[in-house]
Every structure is written in C-alpha cells, then in structure tokens.
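The values are calculated or read from the model by the stated rules, or taken from the named source; none is laboratory data. Predicted, not measured: the structure shown is a model, and the values here were computed from it. A quick note on method: Cβ atoms are made from the backbone with ideal geometry, for glycine too, and the neighbour counts reach across all protein chains shown. Areas reflect the complete protein model, heavy atoms only, side chains present, ligands, DNA and RNA absent. Shrake-Rupley method; radii C 1.70, N 1.55, O 1.52, S 1.80 Å.
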Amino acid sequence: MNKLIILNQRIIEWEKKGEIQQNYLNPNNKFKFIVILSLITKGKPSTQTLKKLCGKSKCKYLTFQNKFLTNNFLKYFLPIFLYKILVLREIKNLNLHKPQIIRCIGDGFVGYISSIISKHFHSRLFISIHSYISPMIFMKYLSLKE
C-alpha cells in the first residue's frame, strides 16, 4: 500500500521539540511506500529522521515549488478557486502516483489542499488535528492567519 502525507509543518521542528516517534508515519509497517509532501520549502529533514518516522517503508520527501502554495503571505492574495488549478499542476510536476490513503497533518489551509488532492486521486483522506496547551508554544508559532 502507498500513503501520501501532507503537512504544513517542519519535521526539523518536531526533532527540536523531541516529538519524533519510531514508525509514527507508518504504524505496524503497513505501508510499503510513503511520500511526504510538505507545503514548507525550507528545512528538509535528514534521511535518518525520515527512516525513523517511516519505519521499513521506502520514503520520499517532496515540497511544492509554487510560491502561492508555500508562502504564508502570498497565499492570501490568490482567489480560492485557483488553488485547485495550481495544486493539480504541482501534482503533475511532482509526478505523484495515486496513493491508497492520504493523511493530512493539521487542518485549515493544508486540509483544503489535501482535500483537492484526495478528490483528484479518489483516495481516502484522514485529517490529524494536533493541538497544544503550552502558552509559550502558542506565542512562538502563532501566525497572522490564526
């Protein structure tokens, strides 16, 4: 089985906070191939980190190249109906193949992008909503949109 994971977070931030769990993205080593698609272009994780997250499966880390999809400031100026066109163009450029399962880590913008991709591939979409309690984290990672 193939799995596509879409996130709008830096995995290297997970490392800094000590949140990397063995096989986190591939529980029970169920998936043979995992593609991690990040909407953030900076901060590519190390190969060791990806191996730890994905377990025994083959793992590929990709990012979108379109600035309207990756830049937190620019994405506010693009009309929402154009996102589908841009996302499908990026999928074609990245040469993504149909995954059986799509997992979106987070909600909001990344959830919207994930829903476009899941409809295109006719794949199941699972959204993992992560919340945090510490006010220090809230103040450090709060974006203008939130």
Exercise. Counting only residues that are modelled with pLDDT of 85 or more and among the basic types (Lys, Arg), which one in the stretch 60-85 is least open to solvent (accessible area, probe 1.4 Å)?
Worked result: Lys60
Exercise. Looking at this structure, is Lys32 modelled with pLDDT of 90 or more, surrounded by fewer than 18 Cβ atoms within 10 Å (Cβ to Cβ) and either of a type in the set (D, E, K, R) or over 14 Å from Ile102 (Cα atoms) (or both)?
Worked result: yes
Seminar exercise, completed: Subset of the stretch 28-48, residues of a type in the set (A, V, I, L, M, F, W, C) and over 13 Å from Leu69 (Cα atoms), comes to Phe31, Phe33, Ile34, Val35, Ile36
For this session: Look through the stretch 97-118, keep the residues that are open to solvent by 80 Å² or more (accessible area, probe 1.4 Å) and over 24 Å from Leu74 (Cβ atoms), and return whichever of them is modelled with the lowest pLDDT.
Result: His97
Exercise. Which numbered condition trips up Leu88, out of (1) open to solvent by less than 80 Å² (accessible area, probe 1.4 Å); (2) touching a residue at least 40 places away in the same chain (Cβ under 8 Å); (3) within 21 Å of Ser123 (Cα to Cα)?
Worked result: (2)
Seminar exercise, completed: Considering the stretch 42-59, residues that are within 24 Å of Lys17 (Cβ to Cβ) and open to solvent by 70 Å² or more (accessible area, probe 1.4 Å), and then whichever is farthest from the chain's Cα centre (by Cα), we arrive at Gln48
